[in-house]
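Asks: Here's a structure for you.
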């Protein structure tokens, strides 16, 4: 009796080994969750937070942009969720994105943002929700949470621009952010998109110098002495001084400082403190 051709092993087409290996790779493809500070991401993309341009970029294009940036740095992972941290109460809802409302930076110097991001980062790592966590923030107060997530086995990557990828140069202008970036498993360069942010009056050197001098004059003698004593132990500004000055200038502008403004603020304040010749030459409070 003649066998059907499908039952005859000699007539079956050879198996494609690449097909099975592709299936294995697909089945074991790792996942990633992104935690994005909307204000920082707006600066990175050259947009205004909450603008129609940024809201448009929050659609499917954002996931593709992040996934492509990860792949450029050798991270092959599926982006399964985005946590979006913003102070804009009218932020539209988008599938696959969880909105976390925080206080404006001018209200609390970013404390509520850091607390929310750190809490989510810790919970995601503890529950092993994914293999990769992508963080978009320049706040070094997240350093402890990043380290804890890595100790639990998660790979934590930080989103940067091309200039910040040069850590040696960044250390000279923003030592705190550079320290955070050194903790990352990978620094993911996100390329800017079309757009821009309005010019700031603080970006003029004279404007920033005046703002820093007013802040210094408002401090008590004891506070000044404490900051000057801490200065040699810090490459940038002492952390407390950095937070206070950042909050003061944010309140003065009525908005959060952009990253270039923060860098200029730290450079200007550091230069002022380093060039104070003696106690009698310190700026005095007029009050």
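The values are calculated or read from the model by the stated rules, or taken from the named source; none is laboratory data. Keep in mind the model is a prediction, meaning the values are calculated, not measured. So basically every Cβ, Gly included, is an ideal-geometry build from the backbone, and we count neighbours across all protein chains shown.
Asks: Name every residue in the range 99-129 that is in a loop (DSSP other than H, G, I, E, B) and over 14 Å from the mean Cα position of the chain (by Cα), in order of residue number.
Replies: Within the range 99-129, 102, 103, 104, 109, 127, 128, 129 qualify.
Asks: Please work out if residue 112 is at pLDDT 95 or above and either under 25 Å from residue 234 (Cα atoms) or surrounded by fewer than 19 Cβ atoms within 10 Å (Cβ to Cβ) (or both).
Replies: Yes, satisfied.
Asks: Residue under question is residue 200, and the condition is that it be at pLDDT below 85 and loosely packed, with under 15 Cβ neighbours inside 10 Å; does it hold?
Replies: So residue 200 fails the test.
Asks: So in the range 231-243, with the set limited to residues that are surrounded by 15 or more Cβ atoms within 10 Å (Cβ to Cβ) and within 20 Å of the chain's Cα centre (by Cα), which one is nearest to residue 108 (Cα to Cα)?
Replies: In this case the residue turns out to be 243.
Asks: Follow-up. Please give the number of the condition residue 222 fails out of (1) modelled with pLDDT of 85 or more; (2) in the same structural domain as residue 268 (by TED's automatic domain parsing); (3) surrounded by 14 or more Cβ atoms within 10 Å (Cβ to Cβ).
Replies: The number of the failed condition is (3).
Asks: Does the range 249-257 contain any residue that is under 19 Å from residue 169 (Cα atoms) and in contact (Cβ under 8 Å) with a residue 40 or more places away in the chain? It would help to see each step written out before you state the result.
Replies: Going through the range 249-257, the residues under 19 Å from residue 169 (Cα atoms) turn out to be none.
Scanning the range 249-257, I find no residue that is under 19 Å from residue 169 (Cα atoms) and in contact (Cβ under 8 Å) with a residue 40 or more places away in the chain, so the answer is no.
Asks: Does residue 264 meet the test of being crowded, with 18+ Cβ neighbours inside 10 Å, closer than 19 Å to residue 137 by Cβ and not assigned by TED's automatic domain parsing to the domain that holds residue 107?
Replies: No, not satisfied.
Asks: Those residues that are part of a strand (DSSP E or B) and surrounded by fewer than 16 Cβ atoms within 10 Å (Cβ to Cβ), I need them from the range 69-94; list them, please.
Replies: 78, 80
Asks: What helices (runs of 4 or more DSSP H) completely inside the range 141-193 contain at least 1 residues that are at pLDDT below 95?
Replies: 167-173, 175-183
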